[in-house]
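This report refers to the structure that appears directly beneath it.
The values are calculated or read from the model by the stated rules, or taken from the named source; none is laboratory data. Every value quoted in this text rests on a predicted model; they were computed, and no experiment measured them. Note: ideal-geometry Cβ built from the backbone for every residue, glycine included; neighbour counts use all protein chains shown. The accessibility values were calculated without ligands, DNA or RNA, using every heavy atom of the protein model including side chains. Shrake-Rupley method; radii C 1.70, N 1.55, O 1.52, S 1.80 Å.
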Amino acid sequence: MHYICIMEKQNIILDSVDTYNKIYGLPTRHPLVAVFDLKEATRTMGDARLTYGVYALFLKNGVNCTLRYGRRSYDYQEGTVVSFAPGRVVDVENKPGDAAAPDVIGLMFHPDLIYGTPLASKIAKFGFFDYSQMEALHLSDEERAKFLFFLNLIKEELERPVDHHSASVLSANIQLLLEHLDRFYDRQFITRHKVNSDVVAQFERNLKEYYAEGKGRGEVPGVAYFANLANLTPGYFGDLVRKETGSSPKDIIALHVIDVAKQRLAESNDDVSVIAYDLGFDYPVHFTRMFKRLAGVSPTHYRVKSSHSVM
């Protein structure tokens, strides 16, 4: 099959399934959802910046392009799935000398498809839509077969005449696919336990160093700060830490802040407001509220109790 290659740099807003299909010369069978195989494309895309207005899942079977996310670049690896949600901006860079249509199959659907369906209330739980490409899902042969099975279910429904069941059936099948991808990611977190435990250990070291070096003044560090140090997205970093420790990074940060506060309260006569500021709180009342929630008593009462225990 002959195809036309678009070589100039493009800024593309993917606000519909039809926009994507036109880029690759594919037919649009449904305005809100598509299952595609880019080996069937009659056109191909050059380097481009894509702004997503749709949800998309891509299974890459070969390596002939690079995705750039922020300042980092990542090659697709064979048998990996990457996903995008509305609002994501990604640069696509084709490798020099490679004019072939990419060996990619996948699914794209517009948010309008799932409005009023059970998936609409559950879509936010699929955190992998916010992962970067370096956090792609690597499928086993069995998992790849499952992925293709659900794509085929969706494709078969798209080939049926549209009726009042169509949107519900499509949404249900998409949800089944997403639930399985979530399960596969759980497996990937488990099989990467050694690497992930190293990430958690480094996170704990970075957290201790942050306060030991006096960086806390004016700002309590957020999850994004430590995720950036690990070169991970906040979503993936949060899921990794939660699966490794059973606690969220936010909770771990808060507990460490309280531990540092307890030490200051017990070992110094500093005013509570001074300690609150040194730990990153603009308002002492916010610090007091967190301390009481996690320690069970106010900072002042904790100081009194600790002084009595020493006497």
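Would you confirm whether or not region 230-252 contains a residue that is over 21 Å from residue 135 (Cβ atoms), without any contact (Cβ under 8 Å) to a residue 60 or more places away in the chain and surrounded by fewer than 19 Cβ atoms within 10 Å (Cβ to Cβ)?
Applying the first criterion (over 21 Å from residue 135 (Cβ atoms)) to region 230-252 yields 251.
Adding the requirement that they be without any contact (Cβ under 8 Å) to a residue 60 or more places away in the chain leaves 251.
Add one more test, that the residue is surrounded by fewer than 19 Cβ atoms within 10 Å (Cβ to Cβ), and what stays is 251.
Yes, because at least one residue in region 230-252 is over 21 Å from residue 135 (Cβ atoms), without any contact (Cβ under 8 Å) to a residue 60 or more places away in the chain and surrounded by fewer than 19 Cβ atoms within 10 Å (Cβ to Cβ).
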All conditions in (1) touching a strand residue (DSSP E or B) at 6+ places or on another chain (Cβ under 8 Å); (2) in a loop (DSSP other than H, G, I, E, B) are true of residue 129 except (2)
Scan region 201-240 residue by residue and report those that are assigned to a helix (DSSP H, G or I) and among the aliphatic types (A, V, I, L, M).
-> 201, 207, 212, 223, 224, 227, 229, 240
Test residue 116 against the criterion of being among the small types (Gly, Ala, Ser) and touching a residue at least 60 places away in the same chain (Cβ under 8 Å), and give yes or no.
-> no
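Determine if region 107-125 includes at least one residue that is polar (S, T, N, Q), more than 16 Å from residue 86 (Cβ to Cβ), outside any loop (DSSP other than H, G, I, E, B) and open to solvent by less than 80 Å² (accessible area, probe 1.4 Å). I'd like the intermediate steps shown before the answer.
As a first pass, look at region 107-125 and keep what is polar (S, T, N, Q): 117, 121.
Pick out the ones that are also more than 16 Å from residue 86 (Cβ to Cβ) and you get 117, 121.
Going one step further and asking which of them are outside any loop (DSSP other than H, G, I, E, B), we end up with 121.
Still in the running and open to solvent by less than 80 Å² (accessible area, probe 1.4 Å): none.
No, every residue in region 107-125 fails to be polar (S, T, N, Q), more than 16 Å from residue 86 (Cβ to Cβ), outside any loop (DSSP other than H, G, I, E, B) and open to solvent by less than 80 Å² (accessible area, probe 1.4 Å).
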Which of the following residues is of a type in the set (Asp, Glu), more than 24 Å from residue 188 (Cβ to Cβ) and modelled with pLDDT under 65: 40, 78, 8?
-> 8
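Restrict the check to region 132-139 and report whether at least one residue is of a type in the set (A, V, I, L, M, F, W, C), under 20 Å from the mean Cα position of the chain (by Cα) and surrounded by fewer than 19 Cβ atoms within 10 Å (Cβ to Cβ).
Within region 132-139, one or more residues are of a type in the set (A, V, I, L, M, F, W, C), under 20 Å from the mean Cα position of the chain (by Cα) and surrounded by fewer than 19 Cβ atoms within 10 Å (Cβ to Cβ).
Let's see how each residue does on (1) farther than 22 Å from residue 29 by Cα; (2) open to solvent by 80 Å² or more (accessible area, probe 1.4 Å); (3) free of Cβ contacts under 8 Å to residues at least 24 places away in the same chain:
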site: 185; (1), (2), (3): yes, no, no
site: 193; (1), (2), (3): yes, yes, no
site: 197; (1), (2), (3): yes, no, no
site: 201; (1), (2), (3): yes, no, yes
